[in-house]
Amino acid sequence: MINYEEMTEEEYLAHCKTIEFARPCVTVDMLIFSMNKEQQLELLLIKRGGHPHKGKWAIPGGFVEMDESLEEAAARELKEETNLDGIYLEQLYTFGEVERDKRTRVISVAYIALVPAGNLDFAAGDDAVDACNFVVKQEHGGFTLYSQERNLILTQEELAFDHKDIVEKGLERLKGKVVYSDIALELLRDKEKFTIYELQTIHEALTGEAFDVANFRRSFKKKFMDTGRVEKLEEKSVDFSRKPSSYYRLIK
């Protein structure tokens, strides 16, 4: 019988590396949100190519490697899925129900990534047979996902694993945080040239609610113009309405 009390710390740690015992696996799951040309909130999903849940749609993710932190694993997964670096990334929540993965005991740390509109470029990875952006439609008591490209509508219950819960938690976080933070700015097409209306539609997409135009403009003026955080540009935009509207630039 091994007497651990007589071991040095170095001997104990060396011995631990040789012990075979059941232990949980850790993954990072990525909620990758962006805005489409119609100013609708989209979520990147992959179609699983293997068991379990083969053929079902899921949020992308992967196992954390032995030599990387959770943040490094999340950044790596984001890079692998979108080929993007330096994207807004925040830890969302840890999901650890015992039966959440049929293969083994898996604990997942979920992250939210916000990709500026027009910058998302993706393809199905090795463990997926397809990848697609789905428009997120928030409804009372849940959400649905639909892809015009695939002519496909998914209910929240059709997602693989417990990814319904992860998406719900992510939408809840965004809905609350957009009220008191600048998180909506991360979804702008260009922080150097944007309109108040574009920013308003991002707020509406994240909250699932319509905003009064006049009230939102007053709020924008108080939060950004009066504090000197943005400046108005000479160029005008006709992207979202027939009436030209001013462009603004975020002052770094």
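The values are calculated or read from the model by the stated rules, or taken from the named source; none is laboratory data. All of these numbers come straight from a predicted model, not from anything done at the bench. Don't worry about glycine lacking a Cβ; one is built from the backbone with ideal geometry, like all the others, and counts go over all protein chains shown.
When the range 148-170 is examined, which residues are found to be in a helix (DSSP H, G or I), free of Cβ contacts under 8 Å to residues at least 24 places away in the same chain and either of a type in the set (Lys, Arg) or crowded, with 16+ Cβ neighbours inside 10 Å (or both)?
Result: GLN156, LYS164.
Okay, residues lined up against (1) exposed (fewer than 15 other Cβ atoms within 10 Å of the Cβ); (2) polar (S, T, N, Q); (3) at pLDDT 95 or above:
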position	(1), (2), (3)
ASN36	no, yes, no
SER69	yes, yes, yes
ALA73	no, no, yes
ASN83	yes, yes, no
PHE95	no, no, yes
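So how many residues does the range 14-34 have that are modelled with pLDDT under 90 and under 29 Å from ALA75 (Cα atoms)?
4
For the range 171-203, name all the residues that are in a helix (DSSP H, G or I), acidic (Asp, Glu) and either free of Cβ contacts under 8 Å to residues at least 60 places away in the same chain or touching a Pro at 6+ places or on another chain (Cβ under 9 Å) (or both).
GLU172, GLU186, listed by residue number.
Just checking, which of VAL135, VAL167 is out of contact with any helix residue (DSSP H, G or I) (no Cβ under 9 Å at 6 or more places or on another chain) and modelled with pLDDT of 95 or more?
Of the residues listed, the single one that is out of contact with any helix residue (DSSP H, G or I) (no Cβ under 9 Å at 6 or more places or on another chain) and modelled with pLDDT of 95 or more is VAL135.
Which of the residues that make up the range 97-113 are hydrophobic (A, V, I, L, M, F, W, C) and surrounded by 13 or more Cβ atoms within 10 Å (Cβ to Cβ)?
Correct list: VAL106, ILE107, VAL109, ALA110, ILE112, ALA113.
Search the range 217-241 for residues that are closer than 11 Å to THR195 by Cβ and pair each with any residue that is part of a loop (DSSP other than H, G, I, E, B) when their beta-carbon atoms are under 6 Å apart and the residues are at least 6 apart or on different chains.
As it stands, the answer is LYS236/PRO244; SER237/THR195; VAL238/PRO244, since those pairs meet every condition given.
Which fully enclosed strands (runs of 3 or more DSSP E) of the range 37-108 have 3 or more residues being within 14 Å of the chain's Cα centre (by Cα)?
41-48, 88-95
For residues that are closer than 23 Å to HIS203 by Cα and surrounded by 14 or more Cβ atoms within 10 Å (Cβ to Cβ), tally how many sit in the range 114-131.
5
With respect to TYR146, is the statement that it is closer than 29 Å to GLY86 by Cα, of a type in the set (Phe, Trp, Tyr), under 24 Å from the mean Cα position of the chain (by Cα) and assigned by TED's automatic domain parsing to the domain that holds LEU41 true?
Yes.
Evaluate the range 124-147: report whether one residue or more is in a strand (DSSP E or B), among the small types (Gly, Ala, Ser) and touching a residue at least 40 places away in the same chain (Cβ under 8 Å).
Yes; the residues of the range 124-147 include at least one that is in a strand (DSSP E or B), among the small types (Gly, Ala, Ser) and touching a residue at least 40 places away in the same chain (Cβ under 8 Å).
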